[in-house]
Amino acid sequence: MAQTLTETAGSLEAMTPVPYAVTAKRQDTYDTWTLELEPVDGAPIVPGPGQFNMLYAFGVGEVPISNAGNFETDERLVHTIRAVGSVTKALCAAEIGTVIGVRGPFGNTWPIVEAKGKDVVIVAGGIGLPPLRPAIYHVLKNRKDYGRFALLYGARTPADLLFLDEVKSWQCNYDVDLDMTVDAGDTDWKGKVGLVTKLIPPAEFDVDDARAFVVGPEIMMKFVAQELMNRDLPAESINVSLERTMRCGVGLCGHCQIGPTLICRDGACYTWDKVEKLLAVKEL
Ligand SMILES: Cc1cc2nc3c(=O)[nH]c(=O)nc-3n(C[C@H](O)[C@H](O)[C@H](O)COP(=O)(O)OP(=O)(O)OC[C@H]3O[C@@H](n4cnc5c(N)ncnc54)[C@H](O)[C@@H]3O)c2cc1C
């Protein structure tokens, strides 16, 4: 549908970064940090579950980073960032007090409130856990409103597992069926070894009344969705979050287009039936 002039003007306004200061910083793993950000002026706009902000390291560049905090209680932005390239390395190197630019929030939200009354299956691969954390917080806060809650978490190595203490506390305190695995263990690792897909067949949930939320590398999401469908969970009940290079965040530049959809505007959260065929096309 064509945008109205008002919507376009709103989008252009959304192109201006707002200054936020780093007020807390924690190193989560050897390559991943969590930053807490507060606006230099005014109150923060905390993104919903599944939404993202464009974070601008001044003089370096701007990248999309998901909300990793509690959208219902946080009074600051929480972003967990893996240092992979120039911009994410600059963001992870930011000291307390450093000012960075923030645009957003952008994108749609996980349909986690709509999943009330149903079993919830969260499948996270590595840095895929932070974008799912706001939805997890919502289920934990309203635990009685949901059925069974399976959290299946995989990472490349034990050193790549994020928020381990917090994840274990969810298992102890909130009746969460936690199952974890790593692709390759080390001498101290006593848990499972293998791909996260192996955790799906034994997971307990009612396929007729469950919703799955999956974030990880695209290849992982494809195999996880397939494995969930092998359990007869319908594609419409499987939610994924897509990643493509993004520039504007507001559906103007087209960098994140995949087939007929712009991920920044229509996503990044999609049900699997909407994207399965698109992701099957090589290099789309
Ligand atoms: C909606 C959305 C939410 C995201 N949320 C998070 C998050 O919460 N935490 C986080 O650490 N990262 C997140 N990312 C990925 C993050 O945006 C990229 O890691 C970042 O853009 C890399 O920029 P760079 O300049 O540091 O690295 P670059 O030099 O641009 O890239 C370094 C490497 O990462 C790859 N890469 C770059 N961008 C992407 C991308 N979008 N998807 C897959 N691979 C990419 C490149 O191909 C290259 O191999 C998200 C991406 C999207 C689209």
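Listed values, structure above:
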| read-out | value |
| --- | --- |
| Residue-averaged [θ]222 nm for the chain, counting only DSSP H segments that reach four residues, each worth -39500 (n - 2.57) | -6500 deg cm²/dmol |
| Sorted peptide list for 216-223, 78-85, criterion being average Cβ within 10 angstrom, highest first | 78-85, 216-223 |
| Relative packing of peptides 35-46, 242-253 - highest average C-beta neighbours within 10 Å first | 242-253, 35-46 |
| Rh (Kirkwood; distinct C-alpha pairs) - the chain, Å | 19.4 |
| Rounded to 10°, Cα long-axis angle of helix 218-230 versus longest principal axis of the chain | 40 |
| Helix axis angle, 164-173 relative to the chain longest principal axis, alpha carbon, degrees | 60 |
| Cysteines having no other Cys beta carbon under 4.7 Å from their own, within the chain | C92, C172, C256, C264, C269 |
| Cα Rg over Rh - the stretch 1-131, Kirkwood | 0.99 |
| Relative contact order (%) - the chain, alpha-carbon pairs under 8 angstrom, separation at least six | 17 |
| Cβ crowding within 10 Å averaged over residues, with 88-99, 202-213, 272-283 ranked highest first | 202-213, 88-99, 272-283 |
| Of K144/K190; K116/K144; K89/K222; K190/K222; K89/K192; K116/K141, pairs whose Cα-Cα distance is over 21 Å | K144/K190; K89/K222; K190/K222; K89/K192 |
| Relative contact order of the stretch 15-106, pairs being alpha-carbon contacts under 8 Å that are 6 or more residues apart, as % | 39 |
| For the stretch 119-241, convex hull of alpha carbons as volume per residue, Å³ | 95 |
| Dipole of the stretch 133-284 [Lys/Arg +1, Asp/Glu -1 at C-beta], most positive-end residue of H138, G249, Y270 | G249 |
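Rule-based calculations on the coordinates, nothing more; no lab input. Source: prediction; values computed, not measured. When we count neighbours, we look across all protein chains shown, and the Cβ atoms used for this are built from the backbone with ideal geometry, even at glycine.
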